[in-house]
1. Answer yes or no as to whether GLU76 is assigned to a strand (DSSP E or B), open to solvent by 50 Å² or more (accessible area, probe 1.4 Å) and either at pLDDT 70 or above or of a type in the set (Ser, Thr, Tyr) (or both).
2. What pairs can you find where one residue is in the stretch 2-15 and at pLDDT 70 or above, the other is open to solvent by 100 Å² or more (accessible area, probe 1.4 Å), and their Cβ atoms are less than 7 Å apart, with a gap of 6+ or different chains?
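The values are calculated or read from the model by the stated rules, or taken from the named source; none is laboratory data. Treat the numbers as computed from the prediction; the structure is a model and nothing was measured. Note that we place each Cβ from the backbone using ideal geometry, even for glycine, and neighbour counts take in every protein chain shown. Quick note on the areas: whole protein, heavy atoms, side chains included, nothing else; ligands and nucleic acids left out. Shrake-Rupley method; radii C 1.70, N 1.55, O 1.52, S 1.80 Å.
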Amino acid sequence: MALVKAGVVVLDCAEPEKLAEFYKGLLEAEEVHLTANRVEIRSADGTQLALRRDVNATPPSWPRPENSLQAHLEFEVTDLDEAERRIVSLGGRPTDTKDATGPFEERSYADPAGHSFSLRRSVPQGPKLG
């Protein structure tokens, strides 16, 4: 049995209740724990995320170096365009402004509190040939 097992990813933010609403909508998650300074959510697939109150929290400025990216979340999706529409409708914003033709395989965003995250297209895996 493992001595340490993964717990939960925690994002610091000024308003955890508001940020929890964004991630509950994005991940189709439910609130599983609430205190005055922390909200924890869990999606149907078991993804756990906690939002912790830090009144002095400032969002990362990635890709600018003055308050650079320290960590980010990455989510897999099958339809990047549909996921982007949901993100924007929930108050998130795109941060990847590349002007490229054709579909992106990965796109970058910021949640309403400024935390960076990305979507990566998940490609269905078929049987290995050869």
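1. Numbers: assigned to a strand (DSSP E or B): yes; open to solvent by 50 Å² or more (accessible area, probe 1.4 Å): yes; either at pLDDT 70 or above or of a type in the set (Ser, Thr, Tyr) (or both): yes.
Considered against the rule, which asks whether it is assigned to a strand (DSSP E or B), open to solvent by 50 Å² or more (accessible area, probe 1.4 Å) and either at pLDDT 70 or above or of a type in the set (Ser, Thr, Tyr) (or both), GLU76 comes out as yes.
2. ALA14/VAL55
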